[in-house]
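The values are calculated or read from the model by the stated rules, or taken from the named source; none is laboratory data. All values derive from a computational prediction rather than experimental measurement. Virtual Cβ from ideal backbone geometry, glycine too; neighbours counted across all protein chains shown.
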Amino acid sequence: MKKLLQTLTETFGPSGYEDDVRKIVRSEVEALADEVRVDALGNLIVRKRPTRAARETKKVMIAAHMDEIGVIVSHVDENGFIRFSPIGGVFRRYVVGGRVRFLNGTQGIVGFDRLDHINELPTLDKVYIDVGATSPKDSPVKIGDIGAFDRQYSDLGNRLVAKSMDNRVGVLIAIETLRALKSTPYDLYFVFTTQEEVGVRGAATSAYGVDPDIGIALDVTPSGDTPNALRMEMALGKGPCIKIQDVGMIADPRIVQWMIRAAEKNRIPYQREVLLIGGTDAKAIQLTRAGVPAGCISVPVRYVHSPSEMVDYSDVQNAIKLLTAVLRTSIDL
Ligand code: CO
Ligand code: ZN
(Lines give C-alpha, C1' and ligand atoms only; values in the text may rest on other atoms or scores of the structure.)
(Ligands and ions follow the chains in the order given, each with its own letter.)
Protein backbone atom coordinates (compact mmCIF):
# COMPACT_ATOMS: atom_id res chain seq x y z
CA MET A 1 0.00 0.00 0.00
CA LYS A 2 2.87 2.39 0.75
CA LYS A 3 4.21 1.59 -2.72
CA LEU A 4 0.93 2.67 -4.34
CA LEU A 5 0.92 5.86 -2.25
CA GLN A 6 4.45 6.59 -3.43
CA THR A 7 3.45 6.06 -7.07
CA LEU A 8 0.37 8.26 -6.67
CA THR A 9 2.24 11.11 -4.95
CA GLU A 10 5.16 11.04 -7.37
CA THR A 11 2.78 11.39 -10.32
CA PHE A 12 1.96 14.91 -11.55
CA GLY A 13 -1.61 16.10 -11.93
CA PRO A 14 -2.30 19.79 -11.39
CA SER A 15 -5.96 20.84 -11.68
CA GLY A 16 -7.31 20.25 -15.18
CA TYR A 17 -4.39 17.92 -16.06
CA GLU A 18 -5.16 14.85 -13.97
CA ASP A 19 -4.69 12.35 -16.83
CA ASP A 20 -1.62 10.55 -15.48
CA VAL A 21 -3.18 10.11 -12.04
CA ARG A 22 -6.42 8.90 -13.60
CA LYS A 23 -4.54 6.25 -15.60
CA ILE A 24 -3.04 4.79 -12.43
CA VAL A 25 -6.35 4.84 -10.55
CA ARG A 26 -8.15 3.26 -13.49
CA SER A 27 -5.72 0.37 -13.68
CA GLU A 28 -6.15 -0.25 -9.93
CA VAL A 29 -9.96 -0.15 -9.83
CA GLU A 30 -11.01 -1.67 -13.16
CA ALA A 31 -11.10 -5.25 -11.82
CA LEU A 32 -12.94 -4.19 -8.64
CA ALA A 33 -15.81 -2.29 -10.25
CA ASP A 34 -19.09 -3.01 -12.01
CA GLU A 35 -18.83 0.08 -14.20
CA VAL A 36 -16.10 2.62 -14.97
CA ARG A 37 -16.50 5.82 -16.97
CA VAL A 38 -15.00 9.27 -17.40
CA ASP A 39 -17.22 12.35 -17.63
CA ALA A 40 -16.71 15.58 -19.57
CA LEU A 41 -14.57 17.21 -16.86
CA GLY A 42 -12.35 14.16 -16.51
CA ASN A 43 -13.86 12.73 -13.33
CA LEU A 44 -13.37 8.98 -13.11
CA ILE A 45 -16.66 7.44 -11.96
CA VAL A 46 -16.39 3.91 -10.55
CA ARG A 47 -19.58 2.12 -9.65
CA LYS A 48 -19.96 -0.83 -7.30
CA ARG A 49 -23.48 -2.19 -7.17
CA PRO A 50 -25.17 -3.28 -3.92
CA THR A 51 -24.67 -6.89 -2.89
CA ARG A 52 -28.44 -7.32 -2.84
CA ALA A 53 -30.46 -4.63 -4.56
CA ALA A 54 -33.58 -3.48 -2.74
CA ARG A 55 -36.22 -1.00 -3.86
CA GLU A 56 -34.95 1.52 -1.32
CA THR A 57 -31.27 1.16 -2.20
CA LYS A 58 -29.49 4.46 -1.63
CA LYS A 59 -26.86 5.87 -3.92
CA VAL A 60 -23.71 6.95 -2.10
CA MET A 61 -21.13 9.12 -3.83
CA ILE A 62 -17.62 8.94 -2.39
CA ALA A 63 -15.38 11.69 -3.79
CA ALA A 64 -11.59 11.86 -3.71
CA HIS A 65 -9.92 14.59 -5.73
CA MET A 66 -7.02 13.62 -7.97
CA ASP A 67 -5.64 17.07 -8.67
CA GLU A 68 -2.87 18.97 -6.91
CA ILE A 69 -1.79 22.60 -6.73
CA GLY A 70 0.66 23.87 -9.37
CA VAL A 71 1.70 26.68 -11.67
CA ILE A 72 0.84 27.89 -15.18
CA VAL A 73 3.34 29.86 -17.28
CA SER A 74 2.07 33.39 -17.89
CA HIS A 75 5.19 35.11 -19.29
CA VAL A 76 8.70 34.28 -20.52
CA ASP A 77 11.01 37.32 -20.49
CA GLU A 78 13.78 38.19 -22.98
CA ASN A 79 16.33 36.27 -20.87
CA GLY A 80 14.19 33.14 -20.54
CA PHE A 81 12.96 33.69 -16.97
CA ILE A 82 9.44 32.43 -16.42
CA ARG A 83 6.64 34.16 -14.53
CA PHE A 84 3.65 32.10 -13.50
CA SER A 85 0.18 32.19 -12.09
CA PRO A 86 -0.68 29.81 -9.25
CA ILE A 87 -3.09 26.90 -9.75
CA GLY A 88 -4.89 26.60 -6.41
CA GLY A 89 -3.51 27.62 -3.03
CA VAL A 90 0.20 28.19 -3.67
CA PHE A 91 1.80 29.74 -0.58
CA ARG A 92 4.87 31.91 -1.16
CA ARG A 93 6.49 30.62 2.04
CA TYR A 94 6.74 27.16 0.49
CA VAL A 95 7.83 27.94 -3.09
CA VAL A 96 11.13 29.76 -2.60
CA GLY A 97 14.14 27.48 -3.00
CA GLY A 98 11.97 24.70 -4.40
CA ARG A 99 11.76 23.03 -7.77
CA VAL A 100 9.06 22.71 -10.38
CA ARG A 101 8.46 19.99 -12.92
CA PHE A 102 6.44 20.78 -16.02
CA LEU A 103 4.22 18.18 -17.64
CA ASN A 104 6.62 17.94 -20.61
CA GLY A 105 9.36 16.85 -18.19
CA THR A 106 11.19 20.19 -17.98
CA GLN A 107 12.53 20.95 -14.53
CA GLY A 108 13.03 24.40 -13.11
CA ILE A 109 14.14 26.06 -9.92
CA VAL A 110 12.34 28.84 -8.14
CA GLY A 111 14.17 32.16 -7.85
CA PHE A 112 13.07 35.65 -6.90
CA ASP A 113 13.73 39.34 -7.59
CA ARG A 114 16.06 41.32 -5.35
CA LEU A 115 14.45 42.07 -2.00
CA ASP A 116 14.96 45.19 0.12
CA HIS A 117 15.45 43.19 3.31
CA ILE A 118 17.28 39.88 3.57
CA ASN A 119 14.55 38.14 5.60
CA GLU A 120 11.65 39.38 3.47
CA LEU A 121 9.35 36.80 1.83
CA PRO A 122 8.77 37.65 -1.84
CA THR A 123 5.20 37.93 -3.12
CA LEU A 124 4.42 35.54 -5.99
CA ASP A 125 4.75 38.32 -8.60
CA LYS A 126 8.41 38.67 -7.53
CA VAL A 127 9.03 34.95 -7.93
CA TYR A 128 10.18 33.35 -11.19
CA ILE A 129 11.15 29.91 -12.51
CA ASP A 130 14.55 29.33 -14.12
CA VAL A 131 14.59 26.37 -16.51
CA GLY A 132 18.03 27.14 -17.85
CA ALA A 133 16.76 28.98 -20.93
CA THR A 134 18.34 32.23 -22.19
CA SER A 135 15.44 33.52 -24.32
CA PRO A 136 11.79 32.76 -25.08
CA LYS A 137 13.07 31.07 -28.25
CA ASP A 138 15.16 28.41 -26.51
CA SER A 139 12.76 28.02 -23.56
CA PRO A 140 11.44 24.43 -23.33
CA VAL A 141 8.17 25.76 -21.89
CA LYS A 142 5.75 28.26 -23.37
CA ILE A 143 2.79 30.32 -22.21
CA GLY A 144 0.09 28.08 -20.76
CA ASP A 145 2.39 25.18 -19.90
CA ILE A 146 1.60 23.55 -16.58
CA GLY A 147 3.89 22.47 -13.77
CA ALA A 148 3.77 21.26 -10.19
CA PHE A 149 6.15 21.29 -7.25
CA ASP A 150 8.73 18.55 -7.41
CA ARG A 151 9.74 16.54 -4.35
CA GLN A 152 10.30 12.85 -3.70
CA TYR A 153 8.19 10.74 -1.40
CA SER A 154 9.85 9.75 1.86
CA ASP A 155 8.95 7.10 4.37
CA LEU A 156 9.85 8.12 7.92
CA GLY A 157 8.30 4.96 9.37
CA ASN A 158 4.99 5.89 10.94
CA ARG A 159 5.05 9.26 9.23
CA LEU A 160 4.91 9.53 5.46
CA VAL A 161 5.91 12.68 3.58
CA ALA A 162 5.23 13.71 -0.03
CA LYS A 163 4.02 16.43 -2.31
CA SER A 164 0.31 16.06 -3.21
CA MET A 165 -0.45 13.93 -0.16
CA ASP A 166 -3.41 16.32 -0.57
CA ASN A 167 -5.15 14.39 -1.94
CA ARG A 168 -3.47 11.25 -3.26
CA VAL A 169 -3.91 9.85 0.23
CA GLY A 170 -7.68 10.25 -0.25
CA VAL A 171 -7.38 8.59 -3.65
CA LEU A 172 -5.51 5.69 -2.01
CA ILE A 173 -8.19 5.36 0.69
CA ALA A 174 -10.91 5.16 -1.97
CA ILE A 175 -9.02 2.50 -3.95
CA GLU A 176 -8.20 0.41 -0.88
CA THR A 177 -11.76 0.63 0.45
CA LEU A 178 -13.06 -0.60 -2.89
CA ARG A 179 -10.60 -3.50 -2.58
CA ALA A 180 -11.56 -4.28 1.03
CA LEU A 181 -15.33 -3.96 0.68
CA LYS A 182 -16.82 -7.40 0.17
CA SER A 183 -20.47 -6.43 0.52
CA THR A 184 -22.56 -3.28 0.80
CA PRO A 185 -26.25 -2.40 0.98
CA TYR A 186 -25.57 0.74 -1.08
CA ASP A 187 -25.18 1.55 -4.75
CA LEU A 188 -21.69 3.03 -4.55
CA TYR A 189 -20.14 5.61 -6.84
CA PHE A 190 -16.48 6.20 -6.09
CA VAL A 191 -15.69 9.39 -7.97
CA PHE A 192 -12.07 10.42 -8.49
CA THR A 193 -12.64 14.10 -9.07
CA THR A 194 -10.81 16.84 -10.96
CA GLN A 195 -10.17 20.52 -10.25
CA GLU A 196 -10.86 20.51 -6.50
CA GLU A 197 -7.98 22.87 -5.75
CA VAL A 198 -9.46 25.59 -7.98
CA GLY A 199 -12.95 25.42 -6.45
CA VAL A 200 -14.42 21.89 -6.30
CA ARG A 201 -15.35 21.99 -9.99
CA GLY A 202 -15.16 18.29 -10.86
CA ALA A 203 -17.21 17.36 -7.79
CA ALA A 204 -19.88 19.85 -8.86
CA THR A 205 -20.49 18.28 -12.28
CA SER A 206 -20.04 14.67 -11.18
CA ALA A 207 -22.42 15.08 -8.23
CA TYR A 208 -25.01 16.51 -10.59
CA GLY A 209 -24.52 13.54 -12.93
CA VAL A 210 -24.49 10.81 -10.27
CA ASP A 211 -27.41 12.40 -8.38
CA PRO A 212 -26.57 10.65 -5.05
CA ASP A 213 -28.69 10.27 -1.90
CA ILE A 214 -25.62 10.62 0.32
CA GLY A 215 -22.23 12.26 -0.27
CA ILE A 216 -18.89 11.56 1.40
CA ALA A 217 -15.66 13.38 0.56
CA LEU A 218 -12.24 11.92 1.32
CA ASP A 219 -9.50 14.47 1.84
CA VAL A 220 -6.76 15.68 4.13
CA THR A 221 -7.36 18.16 6.94
CA PRO A 222 -4.77 20.51 8.45
CA SER A 223 -3.85 19.44 11.98
CA GLY A 224 -3.45 21.59 15.07
CA ASP A 225 -0.59 19.62 16.59
CA THR A 226 2.50 21.63 15.62
CA PRO A 227 4.10 24.49 17.61
CA ASN A 228 1.79 27.52 17.81
CA ALA A 229 -0.70 26.05 15.31
CA LEU A 230 -4.33 27.11 15.12
CA ARG A 231 -6.26 25.74 18.09
CA MET A 232 -7.83 22.68 16.50
CA GLU A 233 -8.23 19.15 17.83
CA MET A 234 -6.94 17.24 14.83
CA ALA A 235 -3.59 15.51 15.47
CA LEU A 236 -1.48 12.98 13.57
CA GLY A 237 -1.75 9.39 14.79
CA LYS A 238 -5.05 9.73 16.65
CA GLY A 239 -7.24 8.34 13.90
CA PRO A 240 -9.13 9.58 10.85
CA CYS A 241 -11.25 12.69 11.33
CA ILE A 242 -15.03 12.74 11.05
CA LYS A 243 -15.80 16.20 9.78
CA ILE A 244 -18.44 18.20 11.63
CA GLN A 245 -17.74 21.56 10.05
CA ASP A 246 -15.29 23.43 7.83
CA VAL A 247 -15.44 26.76 6.01
CA GLY A 248 -17.44 25.28 3.10
CA MET A 249 -19.82 22.88 4.79
CA ILE A 250 -21.80 22.00 7.88
CA ALA A 251 -21.84 18.21 7.69
CA ASP A 252 -25.30 16.66 7.97
CA PRO A 253 -25.56 15.56 11.64
CA ARG A 254 -27.14 12.26 10.56
CA ILE A 255 -24.07 11.53 8.40
CA VAL A 256 -21.78 12.45 11.32
CA GLN A 257 -23.70 10.09 13.63
CA TRP A 258 -23.64 7.31 11.02
CA MET A 259 -19.84 7.58 10.82
CA ILE A 260 -19.39 7.74 14.60
CA ARG A 261 -21.62 4.68 15.08
CA ALA A 262 -19.57 2.71 12.56
CA ALA A 263 -16.30 3.78 14.21
CA GLU A 264 -17.43 2.93 17.74
CA LYS A 265 -19.04 -0.38 16.82
CA ASN A 266 -15.88 -1.50 15.06
CA ARG A 267 -13.52 0.04 17.65
CA ILE A 268 -11.81 2.27 15.10
CA PRO A 269 -10.12 5.37 16.60
CA TYR A 270 -11.49 8.65 15.22
CA GLN A 271 -11.32 12.39 15.85
CA ARG A 272 -14.09 14.97 15.76
CA GLU A 273 -13.17 17.60 13.20
CA VAL A 274 -13.96 21.30 13.24
CA LEU A 275 -11.68 22.87 10.64
CA LEU A 276 -11.11 26.63 10.72
CA ILE A 277 -9.59 26.94 7.22
CA GLY A 278 -10.51 25.38 3.87
CA GLY A 279 -13.14 22.99 2.55
CA THR A 280 -13.61 19.87 0.43
CA ASP A 281 -15.58 18.30 -2.43
CA ALA A 282 -18.33 17.61 0.13
CA LYS A 283 -19.40 21.24 -0.25
CA ALA A 284 -20.17 20.77 -3.96
CA ILE A 285 -21.97 17.47 -3.38
CA GLN A 286 -24.10 18.92 -0.58
CA LEU A 287 -25.20 21.85 -2.75
CA THR A 288 -25.92 19.95 -5.96
CA ARG A 289 -29.45 19.84 -7.41
CA ALA A 290 -31.97 20.15 -4.51
CA GLY A 291 -29.29 19.30 -1.90
CA VAL A 292 -27.65 16.10 -0.63
CA PRO A 293 -26.87 15.03 2.97
CA ALA A 294 -23.08 15.07 3.03
CA GLY A 295 -20.08 14.50 5.24
CA CYS A 296 -16.36 13.90 5.02
CA ILE A 297 -13.71 11.55 6.35
CA SER A 298 -10.30 13.17 6.42
CA VAL A 299 -6.73 12.37 7.29
CA PRO A 300 -4.88 14.90 9.44
CA VAL A 301 -1.95 16.45 7.60
CA ARG A 302 0.90 18.79 8.54
CA TYR A 303 2.40 21.38 6.16
CA VAL A 304 -0.54 21.28 3.75
CA HIS A 305 0.18 22.70 0.26
CA SER A 306 3.92 22.45 0.87
CA PRO A 307 6.07 19.98 -1.13
CA SER A 308 6.40 17.95 2.10
CA GLU A 309 2.92 17.17 3.36
CA MET A 310 3.05 14.73 6.28
CA VAL A 311 0.50 12.11 7.35
CA ASP A 312 0.56 9.26 9.86
CA TYR A 313 0.36 5.77 8.35
CA SER A 314 -1.97 4.43 11.06
CA ASP A 315 -4.45 7.23 10.28
CA VAL A 316 -4.44 6.13 6.64
CA GLN A 317 -5.04 2.48 7.58
CA ASN A 318 -7.79 3.43 10.03
CA ALA A 319 -9.45 5.70 7.46
CA ILE A 320 -9.78 2.71 5.14
CA LYS A 321 -11.22 0.63 7.99
CA LEU A 322 -13.62 3.43 8.89
CA LEU A 323 -14.92 4.03 5.37
CA THR A 324 -15.30 0.28 4.83
CA ALA A 325 -17.28 0.00 8.09
CA VAL A 326 -19.45 3.04 7.24
CA LEU A 327 -20.35 1.60 3.84
CA ARG A 328 -21.56 -1.58 5.52
CA THR A 329 -23.60 0.21 8.18
CA SER A 330 -27.23 1.12 7.51
CA ILE A 331 -28.50 4.67 7.83
CA ASP A 332 -31.94 6.16 8.38
CA LEU A 333 -32.49 9.32 6.38
CO1 CO B 1 -5.68 21.13 -1.11
ZN1 ZN C 1 -7.52 18.43 -0.81
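Remarks
- Complete set of residues in region 195-210 that are within 11 Å of ligand 1 (Cβ to nearest atom), among the hydrophobic types (A, V, I, L, M, F, W, C) and buried (at least 21 other Cβ atoms within 10 Å of the Cβ): 200
- Some residue of region 13-36 being assigned to a loop (DSSP other than H, G, I, E, B), more than 14 Å from the chain's Cα centre (by Cα), loosely packed, with under 15 Cβ neighbours inside 10 Å and among the charged types (D, E, K, R): yes
- Lone qualifier among 42, 16 - being on the phi > 0 side of the Ramachandran plot and within 16 Å of ligand 2 (Cβ to nearest atom): 16
- Against the list (1) in a helix (DSSP H, G or I); (2) away from ligand 2 (no atom under 16 Å from the Cβ); (3) in contact with a strand residue (DSSP E or B) (Cβ under 6 Å, 6 or more places away or on another chain), the condition residue 176 fails is (3).
- Restricting attention to region 179-200, the residues that are within 13 Å of ligand 2 (Cβ to nearest atom), at negative phi and not aromatic (Phe, Trp, Tyr) total 5.
- Checked against the criterion of being within 24 Å of residue 185 (Cβ to Cβ) and at pLDDT 95 or above, region 272-280 has no qualifying residue.
- Qualifying residues in region 214-230 (those that are farther than 26 Å from residue 45 by Cα and touching a residue at least 40 places away in the same chain (Cβ under 8 Å)) - the one nearest to ligand 2 (Cβ to nearest atom): 222
- Residue check for residue 81: within 16 Å of ligand 2 (Cβ to nearest atom) and assigned by TED's automatic domain parsing to the domain that holds residue 136: no
- Near pairs, Cβ below 9 angstrom, 6+ apart or cross-chain, from region 60-72 (within 17 Å of residue 107 (Cβ to Cβ)) to any residue that is within 14 Å of ligand 2 (Cβ to nearest atom) and among the basic types (Lys, Arg): 68/163; 68/168
- Where residue 175 falls short, out of the listed (1) over 26 Å from residue 1 (Cα atoms); (2) under 18 Å from the mean Cα position of the chain (by Cα): (1)
- Residues in region 97-115 that are part of a loop (DSSP other than H, G, I, E, B) and surrounded by 13 or more Cβ atoms within 10 Å (Cβ to Cβ): 98, 103, 106.
- Residue within region 247-254 that is away from ligand 1 (no atom under 16 Å from the Cβ), in a loop (DSSP other than H, G, I, E, B) and buried (at least 22 other Cβ atoms within 10 Å of the Cβ) present: yes
- Out of 277, 320, sole residue that is within 26 Å of residue 161 (Cα to Cα), within 16 Å of ligand 1 (Cβ to nearest atom) and either touching a residue at least 40 places away in the same chain (Cβ under 8 Å) or in contact with a His (Cβ under 9 Å, 6 or more places away or on another chain) (or both): 277
- Considered as a group, the residues in region 255-306 that are basic (Lys, Arg) and part of a helix (DSSP H, G or I) include one that is nearest to residue 230 (Cα to Cα), and that residue is 283.
- Within region 62-78, the set of residues being assigned to a loop (DSSP other than H, G, I, E, B), of a type in the set (D, E, K, R) and within 16 Å of ligand 2 (Cβ to nearest atom) comprises 67 only.
- Sole exception among (1) at pLDDT 95 or above; (2) touching a Leu at 6+ places or on another chain (Cβ under 8 Å); (3) away from ligand 1 (no atom under 16 Å from the Cβ) for residue 64, by number: (3)
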